[in-house]
1. In region 91-134, how many are more than 22 Å from ASP81 (Cβ to Cβ) and buried (at least 16 other Cβ atoms within 10 Å of the Cβ)?
2. Any idea which of ALA133, ALA183, ALA197, ALA139 is part of a strand (DSSP E or B) and at pLDDT 55 or above?
Amino acid sequence: MTAPRPAFILAIALCLLALPPYLYLSPLMDTVEAAAARRVARLTQLEAARALLAQRDDLSRRAATVDQALGVPTLLRMGADVAAVQAAAEDDVRHALQQAGASILDLKAEAGPGQGSYRRIHLTAHAAGDAVAVTNAVAALDAVRPRLLLRLVRVHAAGPPASGPGGPSFGRAARGDLGAAPAASATLELEIDVYAALAAS
């Protein structure tokens with residue numbers, strides 16, 4: 001019987017030594033891939049958190065702007081009782097319309113039920129004026145602080161401008177004596193809400 005050659009034995013030994021890496025290499029690769037996936041997920045979460053932190057200052061500024069525009073000082077009217085708040089609101093509406101050049105036809109106010117110290121006061125108003133006065137009236141009412149909440153704004157045209165004693169404007173234009181045409185008038189119908197915060201008695 002021929003003894004095994006040293007080269008053959010060496011080859012068998014090398015094959016046996018090479019088997020263990022194949023046995024643990026696959027689980028090791030799975031572990032590495034799982035760790036890489038977790039790292040990518042964490043990096044994604046970190047980027048999202050950084051983006052939220054970058055937006056925080058902008059959101060805070062926007063919230064402060066909204067709070068300033070719609071906060072208690074600009075929305076609620078403080079007063080000792082409903083009658084005092086109602087009178088102040090009527091004065092604000094009257095002043096805004098007159099400042100815009102509109103003529104007040106009527107102005108009414110009615111206080112509704114409320115909870116605790118808060119009340120809603122509903123105002124209705126009718127005014128007349130030309131197109132410029134009507135536009136300025138709406139802008140003036142919107143600029144009042146504490147706020148007048150415009151629930152309804154309706155404009156009714158009062159018809160074409162009336163002709164003067166000389167007849168229709170085109171007839172007077174033919175004679176060369178056309179003066180300044182009267183401005184067309186309109187009626188402004190308004191429904192306004194104000195909110196009162198009454199002082200504790």
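1. From region 91-134, those more than 22 Å from ASP81 (Cβ to Cβ) are 96-106, 125-134; that's our starting set.
Now restrict to residues that are buried (at least 16 other Cβ atoms within 10 Å of the Cβ): 96-97, 100, 102, 104, 125-130, 133-134.
Here the count works out to 13.
2. ALA197
The values are calculated or read from the model by the stated rules, or taken from the named source; none is laboratory data. These figures come from a predicted structure and were not determined experimentally. Here Cβ is always computed from backbone atoms with ideal geometry, including for glycine, and neighbour counts include all displayed protein chains.
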